[in-house]
Amino acid sequence: MSNSDFEPKIVGFLCNWCSYRGADMAGTARIKSAPNVRVVRVMCSGRVDPIFVLKAFKEGADGVLILGCHPGDCHYVEGNYKTARRVPLLKKMLEQLGIEEERVRLDWVSASEGDRFSSIVNEVTAKVKELGPFRVNERG
Amino acid sequence: MAKLKLALYWAASCGGCDIAVLDINEKILDVAELADIVLWPVALDFKYHHIEAMEDGSIDVCLFNGSVRNSEQEKIARLLRQKSKVMVAFGSCACFGGIPALGNFTNRAEIFERAYIEAPSNNNTDRSFPETSVKVEEGELELPEFYDTVLTLADVVDVEYFVPGCPPPVDLILKFVDLLATAQLPPPGAILASEKTLCDECERVKEEKKITKIYRPHQIIPEPEKCLLEQGIICLGPATRGGCGMRCIQANMPCRGCFGPPAGVYDQGAKMLSALASIFDIKEEAEIARMVDEVVDPAGTFYRFGMSSSMLKRKRM
Ligand code: SF4
Ligand code: SF4
Ligand code: FES
């Protein structure tokens, strides 16, 4: 399969209070975005256990997008700071496991940023397309 | 009661698990009282064909140590499974992959390149590598196939019990022997250790303290009474099953995770990564980048004993 007709599957974890509403806003405002992100709503980006990310890849995702409230705006005060520490460490670990760190994107989207949501989705989709499909070898 | 038949086997292991069995000292006599050993490559001269000649299910218990990294080990695992009523994954390698499973960060080609070409003592100009079969004048020679991926015992056969530890501590071995002797073994599938995390069992003082810097064990002499993680030393206690008797903690060294993940945790590395990121008290991007730098080898540290049983099992090839 050439990368041009590869449509990546990207799992998106969106926090309920900001980013999910931002996505909703993008929808209501009819802003076009790539259809590749499958959204999972979580209460807070801090709820995104690294195991969710590993599991997404194991189950066949080509990329993972994690979106939360902007720093300082987390509904649970500290949740997104925890995420901000976890994800870079996770990316370093994923690189060691042969998973390009660009397959994981962490960003912040507020409830009013429909356009920002859509451009992040487009960027991450383009990036993962460029990287090509992901596969996990069970047994070599 | 008729004597039990017992087999002990080593696959990809360092031999430490076999030594741990000998470490039960005079209790080994109780084992000899209880069981006839039918295979124990480290100590006794039985051959595979002796096992092949036995009836299926005629070995009562097989203690299998080591992970499975080549076709011979897989073949013997299958043979012993067929001949044994109870198969025990004995030690961290058989249970989770153990230290040999750090090889899952690489693959056969890279390992061969390193071992047969790059390593300084080589003089292998014609680049010859081990082949599974080679024709020589006298006939055909065979070697087991070396796998890309190190596997756990349960990856290749059904396993009744898991005795973790690198190596399993003596009291755990004795507990197993006792349960066996009194026919009180738990239902199959059990891990013969604690249900709790090591932190739950640890008596060090925990103050819910946050940290701002990570120290590697050689960079600091830890205070003996305080939680190691709260002193900035990566201790795998939060992501590790208890039951070892806190061997490392008592020696003022951090836990490296040899008992595998606790009940309900599917991936030891992910769990430890979360735990570590949570106790860090930093928010700025540059500070976070410094923290990431200080965790020199996250995958090797968080999956030191658990690569084969981790969610992703190996590096993507
Ligand atoms: S992190 Fe280590 S030292 Fe701290 S409580 Fe847990 S096991 Fe004990
Ligand atoms: S403290 Fe950790 S590494 Fe040490 S023996 Fe116990 S479980 Fe294993
Ligand atoms: S609620 Fe949005 S990141 Fe915590």
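In this structure, does A:V121 turn out to be in contact (Cβ under 8 Å) with a residue 24 or more places away in the chain and assigned to a helix (DSSP H, G or I)?
Yes; evaluated as a whole, the condition is true for this residue.
For the stretch B:81-174, give me every one of the helices (runs of 4 or more DSSP H) that falls completely inside it and has 3 or more residues that are touching a Pro at 6+ places or on another chain (Cβ under 9 Å).
Counting at least 3 such residues, we get B:92-96.
Determine whether B:L276 is more than 16 Å from the chain's Cα centre (by Cα) and part of a helix (DSSP H, G or I).
Judged against the criteria, B:L276 is a match.
Tally up the residues in the stretch B:7-30 that are over 14 Å from the mean Cα position of the chain (by Cα), farther than 14 Å from B:L172 by Cα and open to solvent by less than 20 Å² (accessible area, probe 1.4 Å), please.
3
B:A89 passes all but one of (1) out of contact with any Phe, Trp or Tyr (no Cβ under 6 Å at 6 or more places or on another chain); (2) at pLDDT 95 or above; which number fails?
(1)
B:F259: in a loop (DSSP other than H, G, I, E, B), open to solvent by less than 50 Å² (accessible area, probe 1.4 Å), aromatic (F, W, Y) and away from chain A (no Cβ under 14 Å), yes or no?
yes
So, of the residues in the stretch B:226-247 that are within 11 Å of ligand 1 (Cβ to nearest atom) and assigned to a strand (DSSP E or B), which turns out to be nearest to the other protein chains (Cβ to nearest Cβ)?
Among those that are within 11 Å of ligand 1 (Cβ to nearest atom) and assigned to a strand (DSSP E or B), it is B:I233.
Check A:E78, A:E130, A:E123 and return the single one that is under 12 Å from the mean Cα position of the chain (by Cα), away from ligand 1 (no atom under 16 Å from the Cβ) and surrounded by fewer than 21 Cβ atoms within 10 Å (Cβ to Cβ).
A:E123
Taking the stretch A:23-46 as the search range and keeping residues that are buried (at least 18 other Cβ atoms within 10 Å of the Cβ) and near ligand 3 (Cβ under 10 Å from one of its atoms), which one is farthest from A:H75 (Cα to Cα)?
A:V42
Are there any pairs with C-beta distances below 7 angstrom linking a residue in the stretch B:189-214 that is closer than 30 Å to B:A286 by Cβ to a residue that is near ligand 1 (Cβ under 10 Å from one of its atoms) and aliphatic (A, V, I, L, M), with the two at least 6 apart or on different chains, and if so which?
As it stands, the answer is B:K210/B:I279; B:I211/B:I279; B:I214/B:I234, since those pairs meet every condition given.
For every residue, the table says whether it meets (1) basic (K, R); (2) within 14 Å of another protein chain (Cβ to nearest Cβ); (3) in a loop (DSSP other than H, G, I, E, B); (4) within 11 Å of ligand 1 (Cβ to nearest atom).
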position: B:L179; (1), (2), (3), (4): no, no, no, no
position: B:L185; (1), (2), (3), (4): no, no, yes, no
position: B:E203; (1), (2), (3), (4): no, no, yes, yes
position: B:P224; (1), (2), (3), (4): no, no, yes, yes
position: B:I249; (1), (2), (3), (4): no, no, no, yes
position: B:N252; (1), (2), (3), (4): no, no, yes, yes
position: B:G264; (1), (2), (3), (4): no, yes, yes, no
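Scan the stretch B:277-298 and tell me whether some residue there is within 16 Å of ligand 2 (Cβ to nearest atom), more than 9 Å from chain A (Cβ to nearest Cβ) and open to solvent by 10 Å² or more (accessible area, probe 1.4 Å).
No, because not a single residue in the stretch B:277-298 is within 16 Å of ligand 2 (Cβ to nearest atom), more than 9 Å from chain A (Cβ to nearest Cβ) and open to solvent by 10 Å² or more (accessible area, probe 1.4 Å).
The values are calculated or read from the model by the stated rules, or taken from the named source; none is laboratory data. Computed from a predicted model, the values in this text were never measured in an experiment. As a convention, Cβ positions derive from the backbone with ideal geometry for all residues, glycine included, and neighbour counts pool all protein chains shown. To get the accessible areas, we keep the full protein, side chains included, count just its heavy atoms, and leave off ligands, DNA and RNA. Shrake-Rupley method; radii C 1.70, N 1.55, O 1.52, S 1.80 Å.
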